Structures are given as C-alpha cells and as structure tokens.
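Notes to accompany the following structure.
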Amino acid sequence: AAKYTGTDRSREHSPSLDATAQHHAELAAALRRGLELGEFRLLYQPIVELPTGALSGVEALIRWHPSDRPVISPAEFIPVAEHSGLIIDLGAWIIDQACTDAATWQDRHGTAPRVNINVSARQLLDPSLPPLVADTLHRHGLTPESITIEITETAVFAGGAALETVRELRELGVGLALDDFGTGHSSLTLLRTCPVTTLKVDKSFIDDLNGTAEQEAIASSLSTIASTLGLRAVAEGVETRDQVDRLHALGYRYAQGYYFARPIPAEEIDALLNTPIPTP
Ligand code: C2E
Ligand code: MG
Ligand code: MG
Ligand code: MG
C-alpha cells in the first residue's frame, strides 16, 4: 500500500499514471501473444578466460522481435513480464531454449560452454522452479553442471522463500551466480547465507579501472573476496584492452564484455566452438 503522506495522491486523478498503467497492460498482452507466436530469441554472450580469451561459458540474453515493431530490449519488457506474472511462462521457455541450444552444441562438438541463465525475482518466489530446472535438464540429457543460474541480490531479498528456492537450485548441482555483484544493499551479508559459486562483478566497478586508485582497490578486493571464498569472479562489461590488462593483473580469471564479443545467435557460438583456442 502507498504511504499516507497527508494528501492522498493515489486518489487524485492522474492522467499520466493511467497512461503508464494502460501502456503496461498493452505491453503485457503483446508479450503474452509474442510468447504464443514465438517472437522471442535468445542471444549468447561469451564469457572468456583471461588472459587467453578462450571461451569458458556463455550468458543467455533474451530479445523480443514483435512482428510490427523493432526489437525490444529486456530492460523494457522483463519488468512488465514480472509484474504481469508472464515471467513464469516466459522463464520456462528461456530455460528450455537455453538447454536446447546447450544440447545441440554438445551433440555437434562433443562439448558445450556452460550456459548462464538469468532468472528474476518473481521466478525465485515460485517453488516449482527447482523441479522445472531439474526436469528440463533431464529432458535434454544435460548434467546440472551444464548451466549456471544468475540471480540478483535484490531478488534473493525479495522474500524468505527466494532464499529457499536458491538453496534447492544449488542442491540440484547447477551453478549459481550473483549478478551485478556489489550494487545491492547487503552484498557481503548475502555471501554468508546464499550458496553461490560465482560473483559477477558489476560493470560499474570495471568501467573506470584505470581512473582512480579507489576504483582499482574495490575491483581488486572483490576479486580477493571471491578467491578467498573459493568462488569464481567474472568481470562484467569489459570494453577495452586496458581493462583486460588491469583485470588480469588484479587476479580476475573470467571476463565478459563487448571487447571480447557482443551477444550473438547460437549458430555463431557454433563457429567459436570450431575455432581452436587461441594461444597467448
Ligand atoms: P545482465 O544479466 O547483467 O546482462 C548484462 C547486460 O549487459 C546485457 O544487456 C548485455 O548485453 C550488456 N553488456 C554486456 N557486455 C557489455 C559491455 O561491454 N558494455 C555494455 N554497455 N553492455 C554490455 P541486455 O542483454 O540488454 O540485458 C539487460 C538485462 O536484462 C540483463 O542484465 C538481465 O538483468 C535482463 N535479462 C536479459 N535476458 C534475460 C532473461 O533471459 N531472463 C531474465 N529474467 N532477465 C534477463
Ligand atoms: Mg546476467
Ligand atoms: Mg550481469
Ligand atoms: Mg549487470
């Protein structure tokens, strides 16, 4: 419920709020239709090993291609999908599609990069998520180690049930990554209670790596925390060669960003699997 602040603004007629609500309702309906019509695609962004740039994993990132409009980014429609509850069905599609692609790579190349799959707060509140993940892996003949589920701190704190879901996911044997690490309110507290395997250090800590001593000290500490706890640290949003050099010096073993590759279709990942690992 909205806080009472003296003037009850929620009762005033607000055309802009109505317009936003209307826009969301239309978007939610279009999303539902889009799911039925197969308008969603998953792209995959490589996660590479430093300093070689060898492919270590990929992150599945969703795109929506409505027939009558240009591609819409997840930042715009995931919140609407969450609010409307459609994220449950959309999320099931995402997990199935990512596993389909992983199984295809596995068949074609005898090996597949580990696939990171983003799940949102609402999905973590759904107790049927862990059995759904287990069933999907099983249907595609994949081991739990084939995938890593990416969650955010905010999502884990959404409610007590979220942490329970996360624990059950980890018990299945899938990897668990804390996305946008360091940007939440209690990142360090979470490390005591949440059984993660990977920290994805947020782009904001990687951006000015060559800017200030403070920035470098923070990035360095985050990598140390990860290795002390036996976790992987992945640097997010790496865009320059300078950043790569600094990250390597600071002990980062994994990185992801436009410097290495943008999110690309599954077939282009095939091409990378055919390419021998570059030597340093
Ligand atoms: P995220 O999980 O933190 O994903 C990283 C975002 O950073 C992606 O944006 C990626 O394209 C972008 N990125 C990667 N490298 C660079 C770089 O070097 N520079 C810059 N400027 N950006 C970079 P994208 O694909 O637009 O996704 C945005 C967010 O939407 C994701 O953030 C994630 O929270 C959410 N999302 C994407 N796909 C899914 C999905 O399948 N399910 C759920 N629940 N959320 C998703
Ligand atoms: Mg992510
Ligand atoms: Mg991320
Ligand atoms: Mg991020």
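Quick look at the numbers
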| item | result |
| --- | --- |
| Backbone HN-Hα couplings from phi across region 215-223 [Karplus 6.51/-1.76/1.60, Hz, Gly and Pro as x] | 4, 5, 5, 5, 4, 5, 5, 5, 5 |
| Karplus (6.51, -1.76, 1.60) ³J(HN,Hα), θ = phi - 60°, over region 174-180, in Hz, Gly and Pro reported as x | 6, x, 10, 10, 8, 7, 6 |
| Cβ charges +1 (Lys, Arg) and -1 (Asp, Glu), total dipole of region 96-240, debye | 400 |
| Probe 1.4 Å, accessible area per residue of the chain, Å² | 51 |
| Of S187, G85, V238, farthest towards positive along the dipole that unit charges on Lys, Arg, Asp, Glu beta carbons give the chain | S187 |
| Region 102-174, relative contact order in percent, only Cα pairs under 8 angstrom and at least six apart counted | 39 |
| For the chain, calculated [θ]222 nm from helices alone, where every DSSP H run of n ≥ 4 adds -39500 (n - 2.57) | -14500 deg cm²/dmol |
| Area projected by the alpha carbon convex hull of the chain, averaged over all directions, nm² | 17.5 |
| Among beta bridges that DSSP assigns inside the chain, antiparallel share in %, nearest 5 | 40 |
| The chain - percent of accessible surface contributed by carbon and sulfur, probe 1.4 Å | 53 |
| Projected area, mean over directions - region 68-196, Cα convex hull, nm² | 8.9 |
| Interchain or long-range residues, amide H under 5 Å from T148's placed H | V115, N116, I117, G175 |
| Chymotrypsin sites (Phe, Trp or Tyr not before Pro) restricted to region 194-280 and DSSP loop, no more than 15 other C-beta within 10 Å | Y258 |
| Pairwise label distance in nanometres, A75 with E145, each label 7 Å out on the Cα-Cβ vector | 3.7 |
| Region 51-166 - charge dipole about Cα centre, Lys and Arg +1 at Cβ, Asp and Glu -1, debye rounded to 20 | 220 |
| Stretchable slack from T154 to S186, in nm (0.36 nm times residue separation minus alpha-carbon distance) | 10.6 nm |
| Net lengthening on full extension, T275/T224 (0.36 nm per residue, minus Cα-Cα) | 15.1 nm |
| Point-charge dipole on Cβ atoms (K/R +1, D/E -1) for the chain, about Cα centre, debye to 20 | 280 |
| Modelled FRET efficiency - R0 45 Å, A54 with E171, Cβ distances, 0.05 increments | 0.90 |
| Region 24-131: radius of gyration and largest Cα-Cα distance (Dmax), Å | 15.3, 47 |
| Percentage relative contact order, the chain, counting C-alpha pairs under 8 Å, at least six apart | 19 |
| Under 11 Å, Cβ to Cβ, from R108 - net charge with Lys/Arg +1 and Asp/Glu -1 | -4 |
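The values are calculated or read from the model by the stated rules, or taken from the named source; none is laboratory data. The shown structure was predicted, so the numbers you read here are calculated from the model rather than taken from an experiment. Because the Cβ atoms are built from the backbone with ideal geometry, glycine has one as well, and the counts that use them run over all protein chains shown. Surface accessibility is based on the protein's heavy atoms, side chains included, excluding ligands, DNA and RNA. Shrake-Rupley method; radii C 1.70, N 1.55, O 1.52, S 1.80 Å.
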